[in-house]
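S.K.: First, the structure itself, so that you have it in front of you.
The values are calculated or read from the model by the stated rules, or taken from the named source; none is laboratory data. Predicted, not measured: the structure shown is a model, and the values here were computed from it. Glycine also receives a Cβ, built like all others from the backbone with ideal geometry; neighbour counts cover every protein chain displayed.
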Amino acid sequence: MKKSVLLLITFVLALTLAACGSKNANNGGSASPSESASQSADNAGGDVSGSFIASGSTALQPLVQQVSEKYMAKNDKVSIQVQPGGSGAGLSQVAEGTVQIGNSDVFAEEKLKDADAEKAKSLVDHQVAVVAMAAVTNKDVGVDNLTKDQLVSIFTGKVTNWKDVGGKDEKIVLVNRPASSGTRATFEKYALGTKSQDLAGSIQEDASGTVRKLVSETPGAIGYLALSYLDDSIKAVQYEGVEASADNVASGKYPVWAYEHMYTKGEPEGAVKAFLDYMLSDEVQNGDVTELGYIAINKMQVKRDVDGNVSNK
Amino acid sequence: MNLPESRSTADPAPPQTGKIAKHHLEEWRGKAYVYLCVLLLVVIIFSIVVFIASRGLTPFISQGVSIKEMLFGLKWAPEDDTPVFGALPFLVGSFSTSLIAALIAAPLGICASIFMTEIMPKTGKSVLQPAIELLAGIPSVVYGFVGLSVIVPFLRHTFPGQGVGIMAGAIVLSVMILPTITSIATDALRSLPAGLKEGSYALGATRWQTIARIILPTTMPALLTGVVLGIARAFGEALAVQMVIGNAPHIPHSLFESATTLTSIITLSMGNTTTGSLHNNALWSLALILLIMTFLFVFIVRLLERRVKRS
């Protein structure tokens, strides 16, 4: 009796595993038909149903998570799963059709290069928020403002003491991000204009909370953080004399910012489209987006393309 | 147990042939169940190895990275215009953190198990053993956070440098591998034939002489097995180490300078890279190296076990 129950359980488990396996295999090629079928919208009454997955950027995840919970509370026929995993994972998965929305800190064209450039073309960009970054230092270094050249010298190791950039006599400790990080790519592109170096003795962390902790505790430390992570334990320095604030970003005075993207494969439809529309609605943009420390996309007076060219809206 | 009985009353067939068939059926069911489990296990292990190998070998086969450059190169710059993949800093970091962790944890763990088996078996079993086993249940992110909040500041104030580095990683790891080393050592000491100890005492040896000259030499291969398994565990630990080691892709000049390990570079970068890109595949190559190292550790453990059997 016992054995047969165990046997049954094993069979069920084996079958479940096999089913999962074959489903994944199907997803490798193109969008899974069952998923897209379940998204078909019931447009008659204006309400939608379906289930989909949004995966990718950890920087965007808190916003998507919060908004999706609100959206699901309003539309009980829709089920949304939000998975963190990194911008690269999100873009790969949406391009392969494994998930329906890929969250990314960078333009798809910047991640999917060379052999993968075709994949980027099939993706449709939805810019849902703007995130700005500021260089932050330990409170003891005595520097309020850094120019672009000074930042470049610091992050490429040409300057190793704070007294050379107007601070006190103290060794500079770099707290950088790993080479693949979207936050680092943004900071390098718009604040430094050049690649930074993985210098010996520098610290690298990916999680913003850990970066803040290390910068606040390590004497002479400098790093960079999204505005939502700034607090009293660290000091945000001005960039070329401009303070990192939401207003300065919106007016285009402060250049170190990036879009938060939600990519879909082809034009979105059904529940995915309804959710993205909700994401861009005034309710979310003026509410959740601002509340969580991002900058609303409709407040931006400037826009920027893939190559970094800024123009007025 | 009820099922066959009720069937035999309902079944008009002669009871003797029914009984034989039931035995056979039971035999067959048990066999099928065990074989199925083993098959599933083999398939899972095999597919993991195949998957990691197929991804990890791509940079060498079709993307123009040489194995020599990967194993002995000093520079890791995957996002440069001409990407360079030298993984020696990661190998050095992984080996030095796990070896130093074992150097710290092995004496502690072995002494604790001697205390638990030879000196105060009762207190050891009721207090010390549960306490050490509790260490195994703490999630690694908690170890990492404690390391970042306590050990890193302590090292920063006591030694030159920023606190992060191989030493911080090794200290955190040594606590994490303590349960592995202790429980294997305790099992080995407990399973020692009582006659050996009694013989030693009968010859007039003191307790310390018995421990140092009889017990430790006899159980040495088993103790080493525990240490090697501890090193293997330290080698594969990712999160806690990543939080305290600093992650600069360089071979550090001191134990208190930012360094990195195979596991920490994989966890830091895997999510940020796209599937199929050279950078991503290079990370899979590191995973393959990690897998091969783990196989090596298992191989060493097997060798040690053979020595235990022979003695």
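S.K.: Tally the residues that are modelled with pLDDT of 90 or more and either farther than 21 Å from A:Val211 by Cα or away from chain A (no Cβ under 12 Å) (or both), restricting the search to the stretch B:238-250.
M.R.: So the answer is 2.
S.K.: Step by step: first the residues of the stretch A:195-222, then only those that are within 18 Å of A:Lys148 (Cα to Cα) and outside any strand (DSSP E or B), then the one that is farthest from the other protein chains (Cβ to nearest Cβ). Which residue is that?
M.R.: This residue is A:Ser196.
S.K.: Suppose the filter is over 19 Å from A:Ser228 (Cβ atoms) and either basic (Lys, Arg) or not assigned by TED's automatic domain parsing to the domain that holds A:Val78 (or both); does A:Lys299 pass it?
M.R.: No.
S.K.: Among the residues in the stretch A:95-115, are any without any contact (Cβ under 8 Å) to a residue 24 or more places away in the chain, of a type in the set (A, V, I, L, M) and outside any strand (DSSP E or B)? I'd like the intermediate steps shown before the answer.
M.R.: Taking the stretch A:95-115 as the starting set, the residues that turn out to be without any contact (Cβ under 8 Å) to a residue 24 or more places away in the chain are A:112-115.
Applying the additional criterion that residues be of a type in the set (A, V, I, L, M) yields A:112, A:115.
From what is left, the residues that are outside any strand (DSSP E or B) are A:112, A:115.
Yes: one or more hits.
S.K.: Which one is nearest to A:Pro255 (Cα to Cα) among residues in the stretch A:102-137 that are buried (at least 23 other Cβ atoms within 10 Å of the Cβ), over 13 Å from the mean Cα position of the chain (by Cα) and more than 10 Å from chain B (Cβ to nearest Cβ)?
M.R.: A:Ala134
S.K.: Next question. Considering each of B:Leu303, B:Leu268, B:Leu286, B:Leu262 in turn, give the residue that is at pLDDT below 90, within 22 Å of B:Leu229 (Cα to Cα), under 23 Å from the mean Cα position of the chain (by Cα) and not β-branched (Val, Ile, Thr). Steps first, answer last, please.
M.R.: On the way: B:Leu268 fails: within 22 Å of B:Leu229 (Cα to Cα); B:Leu286 fails: at pLDDT below 90; B:Leu262 fails: at pLDDT below 90.
Among B:Leu303, B:Leu268, B:Leu286, B:Leu262, only B:Leu303 is at pLDDT below 90, within 22 Å of B:Leu229 (Cα to Cα), under 23 Å from the mean Cα position of the chain (by Cα) and not β-branched (Val, Ile, Thr).
S.K.: Moving to a separate point now. Return the only residue of B:Ile166, B:Ile215 being of a type in the set (Val, Ile, Thr), closer than 30 Å to B:Asn247 by Cα and touching a residue at least 60 places away in the same chain (Cβ under 8 Å).
M.R.: Values: B:Ile215 fails: closer than 30 Å to B:Asn247 by Cα.
Checking each option against the conditions leaves just B:Ile166.
S.K.: Given the conditions (1) surrounded by fewer than 17 Cβ atoms within 10 Å (Cβ to Cβ); (2) under 18 Å from the mean Cα position of the chain (by Cα), report the number of the one that B:Tyr143 does not fulfil.
M.R.: Condition not satisfied by B:Tyr143: (1).
S.K.: If you go through the stretch B:115-147 one residue at a time, how many are closer than 16 Å to B:Arg233 by Cα, in contact (Cβ under 8 Å) with a residue 60 or more places away in the chain and among the small types (Gly, Ala, Ser)?
M.R.: Residues flagged as closer than 16 Å to B:Arg233 by Cα, in contact (Cβ under 8 Å) with a residue 60 or more places away in the chain and among the small types (Gly, Ala, Ser) within the stretch B:115-147 amount to 2.
S.K.: Here's a follow-up. Do the conditions hold for B:Ile215, that is, is it in a helix (DSSP H, G or I), within 26 Å of the chain's Cα centre (by Cα) and under 20 Å from B:Ala105 (Cα atoms)? I'd like the intermediate steps shown before the answer.
M.R.: Details: in a helix (DSSP H, G or I): yes; within 26 Å of the chain's Cα centre (by Cα): yes; under 20 Å from B:Ala105 (Cα atoms): yes.
Considered against the rule, which asks whether it is in a helix (DSSP H, G or I), within 26 Å of the chain's Cα centre (by Cα) and under 20 Å from B:Ala105 (Cα atoms), B:Ile215 comes out as yes.
S.K.: Can you find even one residue in the stretch B:90-102 that is in a helix (DSSP H, G or I) and loosely packed, with under 12 Cβ neighbours inside 10 Å? Working first, answer last.
M.R.: If we filter the stretch B:90-102 for residues that are in a helix (DSSP H, G or I), which is where we start, we get B:90-102.
This time we only want the ones that are loosely packed, with under 12 Cβ neighbours inside 10 Å, so: none.
Looking through the stretch B:90-102, none of the residues is in a helix (DSSP H, G or I) and loosely packed, with under 12 Cβ neighbours inside 10 Å.
S.K.: Regarding A:Leu225, is this residue modelled with pLDDT of 90 or more and away from every other protein chain (no Cβ under 14 Å)?
M.R.: Values: modelled with pLDDT of 90 or more: yes; away from every other protein chain (no Cβ under 14 Å): yes.
Considered against the rule, which asks whether it is modelled with pLDDT of 90 or more and away from every other protein chain (no Cβ under 14 Å), A:Leu225 comes out as yes.
S.K.: Within the stretch A:130-189, how many residues turn out to be closer than 30 Å to A:Leu280 by Cβ and in a loop (DSSP other than H, G, I, E, B)?
M.R.: Selection size over the stretch A:130-189: 3.
S.K.: Checking the structure you have, find out if any residue of the stretch A:90-103 is closer than 19 Å to A:Asp288 by Cβ, at pLDDT 90 or above and not assigned by TED's automatic domain parsing to the domain that holds A:Lys189. Step through it out loud before you land on a result.
M.R.: In the first step, residues of the stretch A:90-103 are kept if they are closer than 19 Å to A:Asp288 by Cβ; the result is A:101, A:103.
Still in the list and also at pLDDT 90 or above: A:101, A:103.
Cutting the leftovers down to not assigned by TED's automatic domain parsing to the domain that holds A:Lys189 gives us A:101, A:103.
Looking for residues that are closer than 19 Å to A:Asp288 by Cβ, at pLDDT 90 or above and not assigned by TED's automatic domain parsing to the domain that holds A:Lys189, one finds at least one in the stretch A:90-103, hence yes.
S.K.: In the stretch A:231-272, what residues are surrounded by 17 or more Cβ atoms within 10 Å (Cβ to Cβ), more than 21 Å from A:Lys303 (Cβ to Cβ) and not assigned by TED's automatic domain parsing to the domain that holds A:Ser55?
M.R.: Correct list: A:Ile234, A:Lys235, A:Ala236, A:Val237, A:Gln238.
S.K.: Still on this structure, please answer the following. Taking the stretch B:33-64 as the search range and keeping residues that are within 12 Å of another protein chain (Cβ to nearest Cβ) and outside any helix (DSSP H, G or I), which one is surrounded by the most Cβ atoms within 10 Å (Cβ to Cβ)?
M.R.: Selected residue: B:Gln63.
S.K.: Tell me whether the stretch A:228-248 contains one or more residues that are without any contact (Cβ under 8 Å) to a residue 40 or more places away in the chain, among the β-branched types (Val, Ile, Thr) and either touching a helix residue (DSSP H, G or I) at 6+ places or on another chain (Cβ under 9 Å) or farther than 25 Å from A:Thr156 by Cβ (or both).
M.R.: yes
S.K.: Ok, one more. Of these, B:Ile171, B:Ile166, B:Ile151, B:Ile184, which one is out of contact with any strand residue (DSSP E or B) (no Cβ under 9 Å at 6 or more places or on another chain), buried (at least 20 other Cβ atoms within 10 Å of the Cβ) and within 14 Å of another protein chain (Cβ to nearest Cβ)? I'd like the intermediate steps shown before the answer.
M.R.: On the way: B:Ile171 fails: within 14 Å of another protein chain (Cβ to nearest Cβ); B:Ile166 fails: out of contact with any strand residue (DSSP E or B) (no Cβ under 9 Å at 6 or more places or on another chain); B:Ile184 fails: within 14 Å of another protein chain (Cβ to nearest Cβ).
None of the other options fit; the residue is B:Ile151.
S.K.: Moving to a separate point now. Six or more apart or on different chains, Cβ atoms under 9 Å: show the pairs whose first residue is in the stretch B:271-288 and touching a residue at least 24 places away in the same chain (Cβ under 8 Å) and more than 7 Å from chain A (Cβ to nearest Cβ) and whose second is surrounded by 22 or more Cβ atoms within 10 Å (Cβ to Cβ) and acidic (Asp, Glu).
M.R.: none
S.K.: A follow-up question, please. Quick check on A:Ala191: is it more than 14 Å from chain B (Cβ to nearest Cβ), buried (at least 21 other Cβ atoms within 10 Å of the Cβ) and either in contact (Cβ under 8 Å) with a residue 24 or more places away in the chain or under 19 Å from B:Ile266 (Cα atoms) (or both)? Steps first, please.
M.R.: Working: more than 14 Å from chain B (Cβ to nearest Cβ): yes; buried (at least 21 other Cβ atoms within 10 Å of the Cβ): yes; either in contact (Cβ under 8 Å) with a residue 24 or more places away in the chain or under 19 Å from B:Ile266 (Cα atoms) (or both): yes.
So A:Ala191 fits the description; yes.
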